[in-house]
Amino acid sequence: MSVQTKLYEGKAKVIYSTEEPEILLADFKDDATAFNAQKRGTIQNKGVINCTISSKLFQELEALGIKTHYIDTPAPHQMRVKAVKIVPLEVVVRNIAAGSLCQQTGLALGTVLKKPLVEFYYKNDQLGDPLLTHERLLLLELATVEQVETITHLALQINQFLRDFLARCDITLVDFKLEFGLDSQQQILLADEISPDTCRLWDTSQETDPNLRVLDKDRFRKDMGNVENAYQEVLNRILKAVESKN
Ligand code: UDP
């Protein structure tokens, strides 16, 4: 497969066109950013790790009937995906209070939520990805009422799957961010990635230790050290869980 033009370079991935107009190639980078790209660095091997984790999780979701943009993995750091028009929303699902939810509401870190919370943020770096109300989302015409309903339903289904799957890896799913896109038939597909860059993941058996438990990008955000090891550990556990199932 010959790689063609670079279409877009984001913080974590480069997107290339391919010879097929409906197929794109996502190349996962080792670059890491946080706090709206004010903090920059490199996490060794992150591209391969996040591409592999995302590929495995997308395959599992597809097997459950959840449509994703995933096609295949031609190289360890590359994913072929269906071309979609990204809905400019960052869809966050939370099971346990952390990050901006704690900062903005005063809820204590680690508070277990009675039911999963789905939130929408405006995917707009210039504005700093602000939290949206349902009315603002509709006002800005970022999605239709029906699309919001579909996305909310999908986000909760994905949360249920991920929670159960990661529990088998001895990992607690605290929260995560999803992005969705529309294909040429206006079908909503799960897009982007699911990885330690986009999820908060706690080592269940270390849950009482605020340092040891963190297996995600918070290690980079907060200079906690051992970032690569944490990402590798998540990958190892996911591969083991996938293997033991097959
Ligand atoms: N998240 C993400 N990209 C973003 C913002 C958040 O992947 O641009 C993820 C983040 O890793 C966490 C969840 O979404 O798993 C909720 O993040 P939060 O709103 O608490 O913001 P943060 O504290 O990470 O800035």
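The values are calculated or read from the model by the stated rules, or taken from the named source; none is laboratory data. Model, not experiment: these values are computed from the prediction. Methodologically, a virtual Cβ is constructed for each residue, glycine included, from the backbone with ideal geometry; neighbour enumeration extends over all protein chains shown. Keep in mind that these areas ignore ligands, DNA and RNA; they rest on the heavy atoms of the full protein, side chains included. Shrake-Rupley method; radii C 1.70, N 1.55, O 1.52, S 1.80 Å.
For each pair in K11/K217; K39/K240; K177/K222; K67/K240; K123/K177; K56/K115, compute the distance between the two Cα atoms and list the pairs where it is over 21 Å. The answer is K39/K240; K67/K240; K56/K115. Classify segment 104-152 as rounded, prolate or oblate from the Cα gyration tensor: take a ≥ b ≥ c as the square roots of its eigenvalues, call it rounded if a/c is under 1.5, otherwise prolate when a/b beats b/c and oblate if not. Since a/c reaches 1.5 but b/c is at least a/b, the shape of segment 104-152 is classed as oblate. The residues of segment 198-246 have, on average, 53 Å² of accessible surface per residue, using a 1.4 Å probe with all protein chains present.
Estimated at 0.36 nm per residue, the fully extended path between N246 and L182 surpasses their Cα-Cα distance by 19.9 nm.
Between E19 and E135, the FRET efficiency estimated from the beta carbon spacing at R0 = 35 angstrom works out to 0.20.
If you add up the charges near P116, with Lys and Arg at +1 and Asp and Glu at -1, over every other residue whose beta carbon is less than 14 angstrom from its beta carbon, what do you get? Its environment carries a net charge of +3. With each label modelled as a point 7 angstrom along the Cα→C-beta vector, the H153-K39 pair spans 3.9 nm. Near R237, once Lys and Arg are set to +1 and Asp and Glu to -1 for all other residues with Cβ below 12 Å from its Cβ, the sum equals -1.
From its DSSP helices (H runs of at least four residues, each -39,500 (n - 2.57)), the chain gives a residue-normalised ellipticity at 222 nm of -10000 deg cm²/dmol. Per residue, the average separation of C-alpha pairs within less than 8 Å and at least 6 apart gives the chain a relative contact order of 17 percent. What the pair-distance distribution of the chain shows, using all Cα-Cα distances binned every 5 Å from zero, is 1, 6, 13, 18, 20, 19, 13, 7, 2, 0, 0 percent. For N226 and T144, a Förster radius of 45 Å and the Cβ-Cβ distance give a FRET efficiency of 0.55, rounded to the nearest 0.05.
Shown is the FRET efficiency for K6 and A167, computed with R0 = 45 Å from the Cβ-Cβ distance and rounded to the nearest 0.05: 0.70. Taking the accessible area of the chain, probe 1.4 Å, and keeping the other protein chains in place, the carbon and sulfur fraction comes to 50%. Fully extending the segment from D72 to D125 would add 16.2 nm, taking 0.36 nm per residue of separation and subtracting the current Cα-Cα distance.
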